[in-house]
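The values are calculated or read from the model by the stated rules, or taken from the named source; none is laboratory data. Everything numeric in this text was worked out from a predicted model, so none of it was measured. All Cβ positions, even for glycine, are placed from backbone atoms using ideal geometry, and neighbour counts span all protein chains on display.
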Amino acid sequence: MKKIKKYIMLGLALGVSGSAMAKPVKVFIMAGQSNMEGHARIETFDYIGDDPATVLLLKKMRNADGTPKVCDHVWISYGDRVGKLTAGFGCSTNEIGPEFTFGLRMDEKLDQPVVIIKTAWGGKSLHTDFRPPSAGPYELNDYQKKFYYGPPAHGRPENMDEWLAEKKKATGVNYRLMIEQTQKVLKDIKSVYPDYKEGQGVELAGFIWFQGWNDMCDGQTYPPNGNANPFDKYSEWLADFIRDVRKDLSAPKMPFVIGVMGVGGLSDKTNPFREAMVAPTVMPEFKGNVVAVQTAPFWDTKLAEIESKLAQISQMQWMIGAKDKGSSAKSVGELWLG
């Protein structure tokens with residue numbers, strides 16, 4: 001439920017108002033890692049109706065018979081999945097990501113066809129996988145040079161040269177895939193939007209970035225840095241990312257939206273990673289066309305507490321070496337949750 005809320009509110013926050021009369025196809029690019037992939041299952045939609053803040057939105061997400069809405073004027077390309085936008089364009093065909101409610105909002109507010117190009121892969125970092133060309137090669141920082149041991153248990157080779165060679169091979173792979181897929185669709189927009197007419201035109205209307213977990217959890221790439229924000233490099237590379245995306249897609253002023261990680265909710269008031277994600281928005285060169293959307297207000301704190309308890313239950317079960325895991329988990333869970 002917390003993921004559904006996050007995706008819903010991100011979609012609402014990214015919505016635009018007003019009706020546009022222009023005929024060109026508006027194209028929005030959505031990219032990132034698992035946050036953007038989307039892991040909110042369709043069968044959990046009912047829970048949205050339990051929250052007064054989202055109960056009305058549920059009506060927009062569903063038809064009268066309970067089936068997911070299909071957008072009349074929004075199409076999407078996500079990997080090998082193409083078609084009119086509806087539920088099922090998340091990580092699997094039974095899930096949604098931010099694209100669903102974002103698309104519903106576009107369908108409601110724009111009087112012209114919309115195409116969403118989504119490129120997302122779980123477990124990918126900005127420092128390596130999405131690393132933009134302007135950031136240069138991945139280089140070891142002083143902390144890594146001093147303390148790195150390359151433990152085989154983490155799937156890394158003990159030889160530093162071999163590790164760096166693998167790092168070089170992985171650097172920028174997903175950035176390039178993202179650009180290639182976007183350019184492919186832009187060159188053949190009719191493959192996604194069948195009603196496209198010759199000369200109708202295509203407008204790159206915006207880029208939505210929702211990523212961060214792999215960077216936020218990487219204490220080697222972003223080690224403690226005294227009084228400075230340890231994630232300052234993320235801010236620097238994200239700025240490079242924005243510049244390079246605009247350059248590679250020949251869209252120098254394309255609006256850019258950063259979906260800021262909301263893990264931990266509002267209780268995590270001094271999250272340095274969130275500060276690093278927002279940092280590019282205050283740079284003079286990005287004034288007015290790069291904005292950040294905070295998702296922390298929509299974190300489901302109560303559900304997170306339950307998940308934390310369930311995780312402790314699993315750990316307890318493993319520690320006691322229960323033979324019947326199912327019954328043990330149930331009995332321990334009943335005691336723990338009351």
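Just need a number here: residues in the stretch 203-255 that are among the aliphatic types (A, V, I, L, M) and assigned to a helix (DSSP H, G or I).
Initially, the stretch 203-255 is screened for residues among the aliphatic types (A, V, I, L, M), giving 204-205, 208, 216, 228, 238-239, 242, 245, 249, 251, 254.
This time we only want the ones that are assigned to a helix (DSSP H, G or I), so: 216, 238-239, 242, 245.
The qualifying residues number 5.
For the stretch 280-338, filtering for residues that are at pLDDT below 75 and either in contact with a strand residue (DSSP E or B) (Cβ under 8 Å, 6 or more places away or on another chain) or more than 24 Å from Ile48 (Cβ to Cβ) (or both) leaves 17. Being outside any helix (DSSP H, G or I), among the hydrophobic types (A, V, I, L, M, F, W, C) and either crowded, with 18+ Cβ neighbours inside 10 Å or in contact (Cβ under 8 Å) with a residue 24 or more places away in the chain (or both) is a property that holds for Ile258.
Report, by residue number, each residue of the stretch 176-193 that is touching a residue at least 60 places away in the same chain (Cβ under 8 Å) and not β-branched (Val, Ile, Thr). Even if it seems obvious, please write down each step before you answer.
Of the stretch 176-193, the ones touching a residue at least 60 places away in the same chain (Cβ under 8 Å) are 178-179, 181-183, 185-186, 189, 191-193.
Across the stretch 176-193, the qualifying residues are Met178, Gln181, Gln183, Leu186, Ser191, Tyr193.
Can you find a residue in the stretch 181-193 that is modelled with pLDDT of 95 or more and on the phi > 0 side of the Ramachandran plot?
As a first pass, look at the stretch 181-193 and keep what is modelled with pLDDT of 95 or more: 181-193.
Add one more test, that the residue is on the phi > 0 side of the Ramachandran plot, and what stays is none.
Checked against the condition, which is being modelled with pLDDT of 95 or more and on the phi > 0 side of the Ramachandran plot, the stretch 181-193 yields no hits at all.
Taking the stretch 36-64 as the range and being assigned to a loop (DSSP other than H, G, I, E, B), out of contact with any Gly (no Cβ under 7 Å at 6 or more places or on another chain) and surrounded by 11 or more Cβ atoms within 10 Å (Cβ to Cβ) as the test, the residues that pass are Asp51, Ala53, Thr54. Residues in the stretch 88-101 that are crowded, with 24+ Cβ neighbours inside 10 Å and over 14 Å from Val114 (Cβ atoms): how many? Within the stretch 88-101, residues that are crowded, with 24+ Cβ neighbours inside 10 Å and over 14 Å from Val114 (Cβ atoms) number 4.
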